[in-house]
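The block underneath contains the structure these notes are about, expressed in structure tokens.
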Amino acid sequence: MSVIREEDVIASVADALQYISYYHTPDFIQAMGRAYALEKSPSARDAIAQILSNSRLCAEGHRPICQDTGIVVVFVKVGMGVRWEGRRDLAAMINEGVRRAYLNPDNKLRASIVADPAFKRSNTRDNTPAVIHTEFTLGEHVEITVAAKGGGSENKAKFAMLNPSDSVADWVLDVVPEMGAGWCPPGMLGIGIGGSAEQAMLLAKKSLMEPIDIGELRARGPRNRLEELRLEIYTRVNDLGIGAQGLGGLTTVLDVKVLDYPTHAASLPVAVIPNCAATRHIHFMLDGSGPARLQPPDLALWPDVHWAADASSRRVQLDGLRQSDIESWKPGERLLLSGKLLTGRDAAHKRICALLDAGEPLPPGLDFHGRVIYYVGPVDPVGSEVVGPAGPTTANRMDRFTDTMLGKAGLLAMVGKAERGPETVDSIRRHRSAYLIAVGGAALLVSNAIRASRVVAFPELGMEAVYEFEVRDMPVTVAVSSDGESVHETGPKAWRGQFAGIPLAVE
Ligand code: SF4
């Protein structure tokens, strides 16, 4: 009988979370490399180059791939022949591993979990608790899969109870465009079919833990109906032309996974959960011989892609930026920002707009007139860093505040990720403002452009405080121009229908 020690579970979970914070899986790197080689859209190719370059920087520097280091999801298969040694229950062991990983001073991860989610939403400060799924199997070992799931992609999960005669593929094709780009494509779609409502969601999440193998499947051909469905959805979704970061391009999904389970004769429950450019998961086994030993990947796996600003990008000085400068920016144009940016996300916007609506002054030193805001919640710095990884957060959560920010607060322009809603695009047009996007999933690369950082307001909000960043050559793309043209509308339209005819080389 294997004896599983409490400390082995804790140490293994902690190591696994550190590992996946900076290492993409080899299959993901190879699939992203193939997408880069295939991509014909210049904007999407630039975004994928940033994702790949960021991935390599993180693997080399042991810093997080994304500033959102995720909610921890753990799948445990407990062999019924094992005996446990320790005083904690399984959830407490796993949560101690989470705590240890997220507070690791050498690579502190961002604590993103809030308790009392419907009301106070207070940060638990160590990213606990994890979401844990446990099942019992035959055998004398414990199998653990650890994942860290970003909020941007988790927020786009969809579920439906279809009629048994409905087409699953048609439903997926209806919902994917509704997801927008906040899930940071290219990534994966996990699809769960059958069981009950909650089982379909769980199947969708579980399917994302499997390695990417659609290239092999395309090469050998489908062997059953589920494989046919995977291929159909993969081809039709990529044919939508959404592309990397929703900019329009050939690759939106690197793979489509499907798991199914028997269901009620009256029901067809279906769930889809996307996984983003920061796909993070690892699988290991404990058999009583000690903690898991995780081998670092070979850096030769990363394709020879090193993003660098090219001569086609326009350099923009933020200090002294004028309305007329913004009006000269073209949709889809790549800019390199230098100078001072203010930051802010959900909690800061709520407070700022409440003060402005009540006619009260903003905190001393906080003035948005003539400034550009960056929607970000950075990771804490370690060592000599000015700031930890600091990629963009999903901008449309700030839509309800944008008209006030552009009007009463005097804000000039914004930087975030993914599309804006139609009312916000109209507000941008009326204020002759602009909305720029940085690449989601390239957080360390973006933070390398940040040369200084100081808290300006609301320090008690932690990563949600308002900071002032001084940046040099921060790469962004004009997503909504001052006349209200949105590349998230025009890009996918231009690339729609172009994927299906392109053969994928399998390496
Ligand atoms: S890549 Fe995008 S969706 Fe994924 S964790 Fe980062 S910001 Fe969130």
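Counting only protein chain heavy atoms and rolling a 1.4 Å probe, the accessible areas of 56, 220, 125, 45 rank, largest first, as 125, 220, 45, 56. Around residue 471, what is the net charge, scoring Lys/Arg as +1 and Asp/Glu as -1 over all other residues with Cβ under 14 Å from its Cβ? Net charge around residue 471: +2.
Cysteines in the chain that lack a partner Cβ within the 4.7 Å cut-off: 58, 66, 353.
Computed over protein heavy atoms with a 1.4 Å probe, the carbon and sulfur contribution to the accessible area of the chain reaches 51%. Each of residue 122 and residue 213 was given a label point 7 Å from its Cα along the Cα-to-Cβ line. The distance between the two points is 4.7 nm. Here the label points at residue 301 and residue 454, each 7 Å from Cα along the C-beta direction, are separated by 4.3 nm in the simple model. Across the cross-link table entries 330/493; 340/493; 108/158; 40/149; 40/158; 158/330, which are compared at the Cα atoms, the separations over 26 Å belong to 340/493; 108/158; 40/149; 40/158; 158/330.
Ranked by the mean number of other Cβ atoms within 10 Å per residue, highest first, peptides 35-44, 158-167 order as 35-44, 158-167.
Put +1 on the Cβ of every Lys and Arg and -1 on every Asp and Glu Cβ in the chain; which of 150, 279, 446 then has its Cα farthest towards the positive end of the dipole? Working it through, the farthest residue towards the positive pole turns out to be 446. Only protein heavy atoms count here; under a 1.4 Å probe, residue 314 has an accessible surface of about 80 Å². By the gyration tensor of its Cα atoms, with a ≥ b ≥ c the square roots of the eigenvalues, what is the shape of segment 76-199: rounded for a/c under 1.5, prolate for a/b over b/c, or oblate? The shape class here is oblate. Spatial offset of segment 3-35 relative to segment 347-362 amounts to 42 Å, using the alpha carbon center of each. Out of 307, 481, 78, whose Cα points farthest toward the positive end of the dipole of the chain (charges: +1 Lys, Arg; -1 Asp, Glu; placed on Cβ)? About the Cα centre, the residue reaching furthest to the positive side is 481. Determine the calculated [θ] at 222 nm for the chain from helices alone, applying -39500 (n - 2.57) to every DSSP H run no shorter than 4 residues and normalising by the residue count; nearest 500 deg cm²/dmol. Taking each H run of at least 4 residues, the total per residue is -9500 deg cm²/dmol.
The values are calculated or read from the model by the stated rules, or taken from the named source; none is laboratory data. Every value quoted in this text rests on a predicted model; they were computed, and no experiment measured them. Cβ sites come from the backbone with ideal geometry, for glycine too, and all protein chains shown count toward neighbours. For the accessible areas, the whole protein counts, side chains as well, though only heavy atoms, and no ligand, DNA or RNA atoms are used. Shrake-Rupley method; radii C 1.70, N 1.55, O 1.52, S 1.80 Å.
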